[in-house]
Amino acid sequence: MAQLTVPVDSARFSKGMTWKDYMAQMGETQKRTEDNYNKASLSADDKKFFSGVKGVKYVLMLAENWCGDVHRNSPLIARIVESIPGAELRVFLRDQNLDITDCYLNNGFRSIPVVVFFDASWNEIGRWIERSHPATAKAAMIRSKTLDMAPKDDKAKQDAAMNDFRAQVNAEYAAPDNALWRAAAGEVRTLLETKLGPKK
């Protein structure tokens, strides 16, 4: 199957926000994302791996300020990119860049965050979307006990269930072992290792 031509080059990429600029414009969700950035540290082993990655030049992230998966996972991605020598991260708001967004649909959905790794010639190395597989399984389990149990015709109970769902998912990310962030780092690591080959 032919790969879509992604409408990104150095000029377009340069118009994206740096991580610092992205954080600065977040408004009411900035503190939540900053807190996660301060907590989402990489293990010594992951830092060693990512610091040895060669071939990644550009990292594009699609995000929106209101998205819980963005608050929870974009800080870890920022930490990863900071660890890769010579890599640059730029963040684009999903809904203002649908020409890019629609190149990276997730089973037909505009899931975020989308993180795409490119080499210096704009060849795509790989992509990571939304959250880790263990986080998706955990969220599905929590949803089955909260949102799925709330009556569809009762907005108050639906809203309460949504708040409960978000609180429980956030609690999973706040677990002392950082298991969901470690899983995400592991998936990105596997992606880069698979595409670029193991470090020499």
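Evaluate the following for Asp154: is it of a type in the set (D, E, K, R) and touching a Pro at 6+ places or on another chain (Cβ under 8 Å)? Steps first, answer last, please.
Details: of a type in the set (D, E, K, R): yes; touching a Pro at 6+ places or on another chain (Cβ under 8 Å): no.
When the stated conditions are applied, Asp154 does not pass them.
Restricting to segment 131-165, give me the number of residues that are within 16 Å of Asp69 (Cα to Cα) and in a loop (DSSP other than H, G, I, E, B).
Residues meeting the conditions: 2.
What strands (runs of 3 or more DSSP E), lying completely within segment 25-128, carry at least 1 residues that are surrounded by fewer than 17 Cβ atoms within 10 Å (Cβ to Cβ)?
88-93
Any chance segment 132-155 includes a residue that's surrounded by 12 or more Cβ atoms within 10 Å (Cβ to Cβ) and in contact with a strand residue (DSSP E or B) (Cβ under 7 Å, 6 or more places away or on another chain)?
No - not one qualifying residue is present in segment 132-155.
Rule-based calculations on the coordinates, nothing more; no lab input. This structure is a prediction, so every number in the text was calculated from the model and none was measured. Heads up, the Cβs are rebuilt from the backbone with ideal geometry, glycines too, and the neighbour counts pull from every protein chain shown.
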